[in-house]
Structure formats: C-alpha cells, structure tokens
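Input: a single structure, listed below in structure tokens.
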Amino acid sequence: MSVPDYMQCAEDHQTVLVVVQPMGIVPEDQFFRIYKRITGVSQVSIRDSQRVLFIRYRHHYPPENNDWGDFQTHRKVVGLISVTSCTTAKEWPQTSERFHGQKEVFGSTLYDSRLLVFGLQGEVAEQQRTDVAFYPSYDDCPDVEKRVEDFVESIFIVLESKRLDRATDKSGDKIQLLCVPFEKKDFVGLDTDSRHYKKRCQGRMRKHVGDLCLQAGMLQDALVHYHMAVELLRSVNDFLWLGAALEGLCSASVIFHYPGGTAGKSGARKPGVSSAADAGKRHRPGAQEVLIDPGALTTNGISADTSTEIGRAKNCLSQEDIIEKYKEAISNYGKYKSAGVIELEACIKAVRVLAIQKRAMEASEFLQNAVYINLGQLSEEEKIQRYSVLSELYELIGFHRKSAFFKRVAAMQCVAPTIPEPGWKACYKLLLETLPGYSLSLDPKDFSKGTHRGWAAVQLRLLHELVYASRRMGNPGLSVRHLSFLLQTMLDFLSDQEKKEVTQSLENYTSKCPGGMEVISLPDGLKLPPVPFTKLPILNAFLSLCIYTVLLFIDVCVCVCVADFQWVQGDVCEVQLMVYNPMPFELRVENMGLLTSGVDFESLPAALSLPAESGLYPVTLVGVPRTAGNITINGYHTSVFGVSSDCLLEGLVGVKSSGCMVEVVPSLPRLQLCTSLPRSAHLSSEDLSTSVSLQLFNGETQQLTITLENIGAEMLNTLELTSKTLSTKEKLFGEFLTWDLQDALSHLPLKSGQSVSIPVNISAKLDFSGQENLLHDLNDDGISVTGLPVSSPLRQVLKPRAENKPVGTDASKNEFNHVKTLEAVLTFKYSGGAGQVEGYYRELSLGVRVDVEPSVFFTRVSTLPATSTRQCHLLLDVFNSTEHELTLSAKNNQDLVLHASECQRYMHTHTHTHTHTLSHTDSSFICEMYRCLSG
Amino acid sequence: AEICITSMDNYPLYIRSIPTQGELKFHYTVHTSLDVVEEKISGVGKALADQRELYLGLLYPTEDYKVYGYVTNSKVKFVIVVDSSNTSLRDNEIRSMFRKLHNSFTDVMCNPFYNPGDPIQSKAFDSIVSTMMVQAC
C-alpha cells in the first residue's frame, strides 16, 4: 500500500467503501453530477434496526490499497457503482460485459455492485434487474438516490451476515489467519498448531470482527472486540495488528465522543444525524449488547437499558486515553517499514482528534512524526499533496507559521526541476495562501504606518517567489504588481545590489506590461490593490508642500495646508515638492504631475532625473486650472521604472496634511514687465517679480522705460502704479521716482498681446556734504592759509579714476565708501476680465536700486578778504569727478561750467563774519549736474 | 547557532546568526517556532497563571537543530537555535544563556532613548550576544 489517503479521519473506520466509476465514455461533467448525487447518500438508516450505515464514496481507488482490506475493513471496497452511457440496444451486451470486467478488479472484496446505464430506451431498458438501472438521460434519473439507498441496504445485509458469521466463530474452530499483503510470505511453513499461532489468529479475527461491528453501527460491540483483540495480540507480540486493534479502539472512542466528526467542515456529517438526539440513538443499538463475550450476541434487541452505561464507560476510552492509545498504535506501526502509509494516516487521524481537543502541542508532535515517516519513493504529485495536507493540519491546530512553511514547500514542489511540466499556477496559488502565515498582506496601505515590522528576510523571499511564479505563469501584470509591492514595502531591507537587481527586472517586466493603478483581481477572488511608489522618490515630510502662487504673479512660498493665496483660472500654477532619491543609482521619474480634485485641472507632467541618493531636491509641478472654484491637491502621480503610481498625500509617511486646498479665482489678465535697463539681483527685503539697478551721479536724472505687455488671455482694464521708497537714512531732495501714467492709461483696455510703455524718471538728489574734512584744515590754518592741498583721501581715490589709471584699489574704495544707495519699489496693480468683476487684481512690482555717487569734490578751501570787512571771499577748488560737463550753480553766483575731470577755483562771496559758519553754507551748495547731452 | 528576540507582536527586534550564509534557514526555523511559543504561552496562561517560569524549554527538535524558547513577563520572546550535535549545551546552560540575555535585554529597555518595539541596535547587547554565540558554537 503506497498511496496514503490524507483526508482520512477516525470516523472513516465506521464507513463502508463504495467506488463509483465511469465506464466507457462518460462526459466528465455528467459523471460528476451523478457522482455528486450518489455521494449525497452518505448515511442510510437501516430499516427495523435503528442502525445507520455510513458510506464513503471514491471515484478512484488503487486496487493495491484494497489488499489491505482485511487489516482495516474500511479500506476494503465493498460496493461498486458503475456509470455508463449506452445509446443503442446493440451496445448493451458489450456494456454488460464490461461491467463484469470492472467488477473483477475489486472482485474479491465486493459485497454488491450496481450499474447505472444512461441513454438506453426500449426493450432492453424494460427488463427488471436489481443490479442494473436504466435511465433515458443524465437529466432524467429521479430515483438515483433511491437506488443507491437500496444498494446500501443490500450491502448492509451482506455486512451484517459477515459480522454474525465471524462473531459466532467459536474459538475451537480453525480460525483463518488474516494478514496484510507483505506478511504473506512470512507465514509460509509456520506451525499452524502452536498456541502462539492460534492466539495470533484469534486476536486478528477479533480485531476484524471489531471492524465489522463498527461498520455495522454497533459501536459498543466493536469496543469490546477491540479490547479483547488488544489483549490477545499483545500477548503474542503481533505489533502491527496490535496497532490496528488499538487504532480501532481509538476510532470507536472518537466516534463515541465526537459524533460531529473530526474532519472539519468539509467532512462534517449531515447535521440531521449528528444532532444530539440522533447521536444517542445511533449508539444505542450497540449499547445493549455490551457483554463480556460478544460472540453470543444477537442483534435484534431494541430496548435501551440504563445499566449498560457502566459497560460503555468502561469500554470506551477517555479523551486522554485516546491519544495515549494512538501513540502506542503509531509506535507499533512504526516498527514496520511497509506500514508507513498506515502510520501516516494514523498520525493524521490523531492530529484531527487533538485539534478538536485543542491540544495543539501534542498535535504538533504527531505532525512532526508524520513529517519523518518515509514512504519510499513518492511521486512529485504525492509530495505536493503531502505537504499541502501537513500545512492544512498545522492550520487546523493554529500553527499558522508552520502551516505557511509547509504550504510554501508544497508550492516549491509544484515547480521542482524534476517535474517535466511545472505547475506555476498551482505554485502561485499556494504561495498566495501562505501570505497570512507570514503576516504579509498585499495591500501597501498596511505598510504605510510607521516602520515595517515583520520577518523581512522571510517575507522578501516569499515576494520574490511570487514575482517569479507569476512571471512563469505568463502574467507579467502580476509580476509587475508584486515586484512593485516588494520595492515599495521592502525598500529598507534591500541592499544596494538588490535594489539594482529588483529595479532592473522591474524595468524588464514593465517594458512588456506597464504597471498601473488598477486593482488586479485574481480568479479566486483575491484582489491586488495598486502599489503607488510613494518612496520613489520620497517626498520629504518636513518641508511639506510648497506652493507658489500666481495671484501676485510673484513667487511666494507658503507652507500651509489651506493656502492663503489663490490660483487663477487659465493660468499656469506651480507646486513645489521637495523629494529625494533613496536609490543608489540615478532615478528617472517620468510623467510627474499633480493629482487634484474639485476643479478641472490640466496637469502638465514633468520628467526629472534624480541623482543617486540625492539630498533634497526641489521639483516643481505645474498645471492649469480650467475653471474657477476650490481645488484640492491630493497628491501626485509618477511613472518610475515603467510603473505609474498615484501617490496620495494622506497615505504618505510623515506628511501630516491630507491635501491642500487652493481657491481658483476667475481668469485675470497677466502682464509681463520689461524695462529699458538690465535686470539685476533682487532687492534684499522685498519679494519682487523683477528688479533693476543703476548708477547715477548725484543730481543726475535718468529715464527708465517700463514696458508692460499683456501676455494673458484677458483684457486689461485697470492699471495703478504706486511707489514706495525703502527706508533710508539719507536725506532726499525732491522726488526720487516720477512718472506720468496718463499716456499709458489712454491705451486701456489693453488687449491680449498688446503692450504699453511707461516712462519713469529717476532722479538722485542727495546730500553728500560733511564727508570731507576740509573744515578742519580751514580751522587749523585760519584765514591765512591758502593754497594748501586738501588732505582728503578722496582726492587720492578719485584722481586715479579721473585720470583713468588703474591704481585705485578696491580696498581703499571700500574703506571710504562714498556711494549711497537708494531703493524703491514700483507696484503695479491691475485687473480685468472675469476676475475684476469679483474684485480680484494682480500685483506686479519692480524694485529699483540706485547707487548714487557724488559728482563734485572740493579739493581745497581758502579765504580771501573782500572789499568790505563784513565780507570775505571763499575760495573753493571744485573737482568734477564725472566724465561729463557739469554746471555748478550756487546762491547769488553765476553758474560755473566744469568740464569732465576738471578742477576749477570757485569764488564765493561770503557775508558772514565767522568762518565757522562755512559748514552751513557748504551744505547749501546745491550741486546740480546737467548732463552734457553731447557726451 | 542563532539568537533571536521578538516583540510581543511576534516581529523580530533582533536576529543574529552565525554562520551568516544559512541565515534565511534560521529565519524560517525561528519564525515557525513562534507557533510553538505562542501555544506554550497560551497553555501556561490557562493552567499555571502564577507560574513565574519564563523558560519554555526545548520547543521542538529538528534533524539538525534544537530550538529553545524563553518568554519575558511582557511577552517578549527569546529564541535560541543550536546545533543538534552540540552536546555540551544542556538544559542548564541554555537556561543561563537566556537569563543573561534577559538581563542584557532589560538594560536595553532601560535606555531612555530606546523605544520599545524598535529594532535593538545597542552595542553592549551586541557584544554580549557575540560572546554567547562563541560559547554556543
């Protein structure tokens, strides 16, 4: 016997085995329909005896297992039902012949047989035969069940007669020695008259009778017989049969204790019979027959006698004892190599019992033993079956990890290299079933909370196997999904080398089958949720979401969730993300765009390439809202390694916000600003769209032309211009910035594409006095001092410049920085289109920075007495430091024209007595420089 | 030989095995042995609630390894796998190894910067495990 029945359970000892086989050509689906109906008759109450016969049906049974029928009678095929198609009467004799042939296979053990003929009508079908039933078609056979029941009853009669026959064998008669196939040769030439031999025969026969009693529904009889058999066989050291007797004892006790059966849901007995009342009834018939010598029993008594309860309790094993006896039986079986299958099945039966008793530890010991039972050369299919059953049994006792382990082994067995046609589908299916055991779900959401906790190395292996199996199954979509999942959830556990390998194979797969965001449904109902690559690249949590508004048409970074700015319909808006690449190689992210809801949004995808293990890397995602309203930014989508993912912010680790709401206002015009001067770096303090800077000499005026072009789609209706001078300590004379907007306003409304120019005058009038220490010279020397060179360092600085010598050093220039800075911001407010109606406007600002240099220097100062004593002449040497001609004018004096880099003496008639007041007058010099237009 | 610490939710806090090439096999061994540990704990909970014995003894023998278990009062599990051929390690030795491991683990838990449930990265713990491994192999 080489084929174990892994589904066996203790109560199977109670059943009689009936084989249902198709004969000739029977459509498979039709056969199984009939088979199903037949198997529906799994227990039959026998008339007049209140006993129930249980039937086990098999549509396939290896004849060599039948040879063990004497050892345990439930292994014996006692009934055969053949199902055949027969359309014409001509075929009938042949069919009949075949049926006989089929009976021959199990001939020695069969009690009875039936042939179900489908499709035959007419004369042949009219004949009344008990062993043949004729039906016109597979659909028209209403009394199949009835026929089967009759058949079972006829089996019962044979069984009962055999039981009585054997049970009444007196010990004086010569008892035949029952033996299992491999024993037959051992007993050749043995002394059949020895006491030992006789006892052996008796013991084996007792055991056999016990089996028959159990099958015939006489539980208590069976127990008594088994007990006696155990005694007899133990005394002659007939271990194999002792084991069988012990197991029989266990089986009968289990049936008594657990009328619901031990096979679990699939093998559960019909509830109608296993209910408490029925169960009692079922065991009652045997109960009254508890006597020391069962050989003298009759079977016709019905009345229940309470005194038999004592006997029952004595004969039936306690729950604890059942396991002990199973252990003993198994250790006895273990002594025979050829009884491996019996041993294995006994282990399985014991485990099922223990599972019901919730004694998982002991069950695991039985299973552990079962693992090591060597059944010789197993076919690959048998190996798979064996591991699967082990897995199921471990599951049954709550050892989910162990169960997963064996299921995985079974899966690997499906695709063992020795198998010519590896069953990748079966392998994949089994692998999927192991997932719960490794506490792995295929939903990436379960992994998004905090750090990954689990058996990473083991889980990683399993995922790799899933990927491989799905690929070999020819389902690249599945491989991509599993591989994506692996990459997303196990990234922290992959070495650099593995990261490379995984991504390479992912790219290979996606080149055939790009990964997407759809849920993949497997045929068995499992759904594989999409795996967004939220870690490739990783969105940095701490910088959060940075959004650039365009309302101000200025880049403003705001790190909030409900944005305090608005976007404008029809205009490009930006969102900045800070991302980094955790991979040890360059990561190419394609088709990266925003995921939004609320407003029609046209996302303009970006492609980027992040260097290996980059630091934080800003990514700007742009898009255009097409309608006004509130828009919520939910996340972003990417395409990495050919897998497109939608990454929602709420699912991201560390990102607190679950989206960002921005108001989109109706469309507004948009202006582009350009100036006649080149752009410069932004001013320090303000956020500006653009800035210009220029250098002016004190007193110089320059015109700046600002050109505003309407680059939006809407018409520009209003335009305002304001300026703000940034706080400066310098005293400013006159207006710094002046403009005339009238001309520009006359051009309004400004259509799209049109532009308007606004001239802005920039004039710098600053006070540069008090920088030179002329007066000290004057004070020291008094009036008499004349013609002394002014020791102003400026002179030394400026001279080289005037003479165009490169001697002037930057250092000295910095040391005596005489350049003053003026800063101002020009702000344009404008509006138009639909947005204007709702009161929205845009701002555009221009920063102006002017570095003002002094245009003249006083290099020397001296005094001359004037004609009046109340007056004196003040002589000043004035140096024009510019490259232009300039006119110097002072109060009450004629203008003095100075050419470029020219120094002239300037005489000023002073009317005050004290020279000390010079400092005041000095400040009153207003140096106006007029630009020499000629250059 | 391998030493593994798992949290109360049965995910590993610390795994160390030598030689390292057969690591995955050890992982499988320890992972499946958790079934037995859980079963033993639940059994103890029912019958011997007051029992202070933390040592679970031999979880199960395989052909090549012996697997021993230990569980702290906070249901943190320690598992030690040793070679079956190593006869110098008797029950008592294993018991003392577990006790040492438990003491060291307690030190780790006392570290205010350690969050219970995080993988153990303590160097002190590592070195104690190393000396135990040398002893066990």
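A quick yes/no check of all residues on (1) at pLDDT 75 or above; (2) surrounded by fewer than 18 Cβ atoms within 10 Å (Cβ to Cβ):
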site: A:Ser845; (1), (2): yes, no
site: A:Val856; (1), (2): no, no
site: A:Ser868; (1), (2): no, yes
site: A:Leu876; (1), (2): no, no
site: A:Leu888; (1), (2): no, no
site: A:Lys891; (1), (2): no, yes
site: A:His899; (1), (2): no, yes
site: A:Met907; (1), (2): no, yes
site: A:His910; (1), (2): no, no
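Within the bounds of the stretch B:118-133, is there any residue that is within 27 Å of A:Tyr372 (Cβ to Cβ) and in a helix (DSSP H, G or I)?
Looking for residues that are within 27 Å of A:Tyr372 (Cβ to Cβ) and in a helix (DSSP H, G or I), one finds none in the stretch B:118-133, hence no.
Is one or more of the residues making up the stretch A:167-190 surrounded by 13 or more Cβ atoms within 10 Å (Cβ to Cβ), free of Cβ contacts under 8 Å to residues at least 60 places away in the same chain and basic (Lys, Arg)?
Scanning the stretch A:167-190 turns up no residue that is surrounded by 13 or more Cβ atoms within 10 Å (Cβ to Cβ), free of Cβ contacts under 8 Å to residues at least 60 places away in the same chain and basic (Lys, Arg).
I'd like the full set of residues that are more than 18 Å from A:Leu526 (Cα to Cα) and touching a helix residue (DSSP H, G or I) at 6+ places or on another chain (Cβ under 7 Å), limited to the stretch A:423-458.
A:Gly423, A:Phe447, A:Ser448, A:His452, A:Trp455, A:Ala456, A:Ala457, A:Val458
Can you work out which of the residues in the stretch A:831-863 that are small (Gly, Ala, Ser) and out of contact with any strand residue (DSSP E or B) (no Cβ under 7 Å at 6 or more places or on another chain) is farthest from A:Thr722 (Cα to Cα)?
Step by step, filter the stretch A:831-863, then rank; the result is A:Ala834.
Scan (1) in contact with a helix residue (DSSP H, G or I) (Cβ under 9 Å, 6 or more places away or on another chain); (2) more than 23 Å from A:Phe156 (Cβ to Cβ) for the single condition A:Leu110 breaks and write down its number.
(2)
Would you tally the residues in the stretch A:609-621 being buried (at least 17 other Cβ atoms within 10 Å of the Cβ) and modelled with pLDDT of 80 or more?
Summing the residues that are buried (at least 17 other Cβ atoms within 10 Å of the Cβ) and modelled with pLDDT of 80 or more in the stretch A:609-621 gives 1.
Going through A:Leu704, A:Leu721 one at a time, which residue ends up being modelled with pLDDT of 75 or more and within 57 Å of the chain's Cα centre (by Cα)?
Result of the check over A:Leu704, A:Leu721: A:Leu721.
Would it be correct to say that A:Val467 is within 14 Å of another protein chain (Cβ to nearest Cβ) and β-branched (Val, Ile, Thr)?
no
Right, A:Glu126: at negative phi and in contact (Cβ under 8 Å) with a residue 12 or more places away in the chain or not?
No, not satisfied.
Within the stretch B:9-36, track down each residue that is hydroxyl-bearing (Ser, Thr, Tyr), in a helix (DSSP H, G or I) and either under 11 Å from the mean Cα position of the chain (by Cα) or surrounded by 15 or more Cβ atoms within 10 Å (Cβ to Cβ) (or both).
B:Tyr28, B:Thr29, B:Thr32, B:Ser33
Which one of these is modelled with pLDDT of 85 or more and in contact with a Pro (Cβ under 8 Å, 6 or more places away or on another chain): A:Phe31, A:Phe54?
Just one listed residue meets the conditions, A:Phe31.
Being in contact (Cβ under 8 Å) with a residue 24 or more places away in the chain and in contact with a Cys (Cβ under 9 Å, 6 or more places away or on another chain) is true for just one of B:Val129, B:Val76, B:Val81. Which residue is that?
B:Val81
Of the residues B:Ile80, B:Ile128, which single one is over 16 Å from A:Lys402 (Cβ atoms), away from chain A (no Cβ under 14 Å) and surrounded by 20 or more Cβ atoms within 10 Å (Cβ to Cβ)?
Answer to the check: B:Ile80.
Collect the residues in the stretch A:367-381 that are closer than 15 Å to A:Gln8 by Cα and not small (Gly, Ala, Ser), keeping them in residue-number order.
Across the stretch A:367-381, the qualifying residue is only A:Leu367.
Restricting to the stretch A:374-404, and then to whatever is within 29 Å of the chain's Cα centre (by Cα) and in a loop (DSSP other than H, G, I, E, B), can you tell me which residue is nearest to B:Phe26 (Cα to Cα)?
So, considering only residues that are within 29 Å of the chain's Cα centre (by Cα) and in a loop (DSSP other than H, G, I, E, B), the one nearest to B:Phe26 (Cα to Cα) is A:Phe399.
Under the condition of being surrounded by fewer than 24 Cβ atoms within 10 Å (Cβ to Cβ) and in contact (Cβ under 8 Å) with a residue 60 or more places away in the chain, which residue from the stretch A:349-358 is farthest from A:Leu393 (Cα to Cα)?
Among those residues, the one meeting the criterion is A:Ile356.
Hey, does the stretch A:45-57 have a residue that's over 50 Å from the mean Cα position of the chain (by Cα), of a type outside the set (Val, Ile, Thr), assigned to a loop (DSSP other than H, G, I, E, B) and closer than 30 Å to A:Tyr387 by Cα?
The answer is no, given that none of the residues of the stretch A:45-57 is over 50 Å from the mean Cα position of the chain (by Cα), of a type outside the set (Val, Ile, Thr), assigned to a loop (DSSP other than H, G, I, E, B) and closer than 30 Å to A:Tyr387 by Cα.
Are there any pairs with C-beta distances below 9 angstrom linking a residue in the stretch A:395-406 that is more than 7 Å from chain B (Cβ to nearest Cβ) to a residue that is buried (at least 24 other Cβ atoms within 10 Å of the Cβ) and not in a helix (DSSP H, G or I), with the two at least 6 apart or on different chains, and if so which?
A:Ser403/A:Ile397
Quick test for you: out of A:Arg75, A:Arg58, A:Arg51, pick the one residue that is touching a Ser or Thr at 6+ places or on another chain (Cβ under 9 Å), of a type in the set (Lys, Arg), within 27 Å of A:Glu247 (Cα to Cα) and in the same structural domain as A:Asp143 (by the TED database).
A:Arg51
With under 24 Å from A:Glu160 (Cβ atoms) and either surrounded by fewer than 20 Cβ atoms within 10 Å (Cβ to Cβ) or touching a His at 6+ places or on another chain (Cβ under 8 Å) (or both) as the only criterion, which of A:Gly79, A:Gly40, A:Gly119, A:Gly101 stands out?
Every option except A:Gly40 fails the conditions.
In the stretch A:25-52, how many are among the acidic types (Asp, Glu) and closer than 30 Å to A:Phe256 by Cβ?
Residues meeting the conditions: 1.
Could you please give the count of residues in the stretch A:409-440 that are away from chain B (no Cβ under 14 Å), under 23 Å from A:Pro532 (Cα atoms) and surrounded by fewer than 16 Cβ atoms within 10 Å (Cβ to Cβ)?
So the count comes out to 0.
The values are calculated or read from the model by the stated rules, or taken from the named source; none is laboratory data. This one's a predicted model, so the numbers in the text were calculated from it and none came from an experiment. Here Cβ is always computed from backbone atoms with ideal geometry, including for glycine, and neighbour counts include all displayed protein chains.
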